[in-house]
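Each remark here refers to the structure printed beneath this line.
The values are calculated or read from the model by the stated rules, or taken from the named source; none is laboratory data. Owing to the predicted nature of the structure, the values given are computational and were not obtained by experimental measurement. A quick note on method: Cβ atoms are made from the backbone with ideal geometry, for glycine too, and the neighbour counts reach across all protein chains shown. Calculation scope for accessible area: heavy atoms of the full protein, side chains included, ligands and nucleic acids excluded. Shrake-Rupley method; radii C 1.70, N 1.55, O 1.52, S 1.80 Å.
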Amino acid sequence: RAKSNVAVLLLDLDGFKRVNDSLGHAAGDQLLRAIATRIGTTVRGGETVARLGGDEFAIVVESVASEDALMGLADRLLRTIARPVMVADREVVVNVSIGIALADPADEGDAVLRNADVAMYSAKNAGKQCARVFDPSMLTRAQVWLELEQDLRRAVQQHEFELEFQPLVTLRDGTLRGFEALLRWRHP
């Protein structure tokens, strides 16, 4: 609207499944409502908050002042969400992983959301309960992992793995101590 910088923060609750599994879905819904309220009170009035599904929320920030300002918002969200919540007569603590993507004027909405998602998974892989700003190298890594996974699936189907045994020899006297089994991938 203001023809200014826009960013998307993608939030995914860490450990939410344990709440659903142990306390039930009604308790999970109660927790989601409490977290949604906390998010709503943490953001500025002009920012858009949406629940994307499950335990994922998105925040669209217009008029982004700086990456530091976005990290400040992420830090406030991390602290606010980590406070205990009373759910089903129990005190529950969940944390959140946050991915941040700054929109480039040439980006489509899906690309910005994908970038925020990639950054969020980077935050989860970094130990959860943190925020990461999207960097193109994150997308490259995600694409490499996807390609590797697909290659591994194909390798199993195409019988590209070969089992080999390698002797283990004591260097001092040359005696055979055993063998180690190696699975070699004859990748095309």
Asn115 is checked against (1) of a type outside the set (A, V, I, L, M, F, W, C); (2) buried (at least 21 other Cβ atoms within 10 Å of the Cβ); (3) touching a helix residue (DSSP H, G or I) at 6+ places or on another chain (Cβ under 6 Å); (4) within 29 Å of Leu139 (Cα to Cα) and fails just one. What number does that condition carry?
(3)
If I filter region 168-180 for residues that are open to solvent by 50 Å² or more (accessible area, probe 1.4 Å) and either under 30 Å from Arg76 (Cβ atoms) or touching a Gly at 6+ places or on another chain (Cβ under 6 Å) (or both), do I get at least one hit?
yes
Just the residues that are in contact (Cβ under 8 Å) with a residue 60 or more places away in the chain, under 12 Å from Leu11 (Cβ atoms) and not in a loop (DSSP other than H, G, I, E, B), please, taken from region 90-134.
Asn95, Val96, Ser97, Ile98, Gly99, Ile100, Ala116, Asp117, Ala119, Met120, Lys124, Ala131
Do we find a residue being farther than 23 Å from Asp135 by Cα, in contact (Cβ under 8 Å) with a residue 12 or more places away in the chain and either open to solvent by less than 70 Å² (accessible area, probe 1.4 Å) or β-branched (Val, Ile, Thr) (or both) anywhere in region 67-76?
no
Can you tell me how many residues in region 77-89 are open to solvent by less than 50 Å² (accessible area, probe 1.4 Å) and either closer than 18 Å to Arg44 by Cβ or without any contact (Cβ under 8 Å) to a residue 24 or more places away in the chain (or both)?
4
Which ones in region 31-55 are open to solvent by 40 Å² or more (accessible area, probe 1.4 Å), under 14 Å from Asp12 (Cβ atoms) and part of a loop (DSSP other than H, G, I, E, B)?
Gly54
Can you tell me which residue in region 13-27 is surrounded by the most Cβ atoms within 10 Å (Cβ to Cβ), limited to those that are in contact with a strand residue (DSSP E or B) (Cβ under 8 Å, 6 or more places away or on another chain) and in a helix (DSSP H, G or I)?
Val19
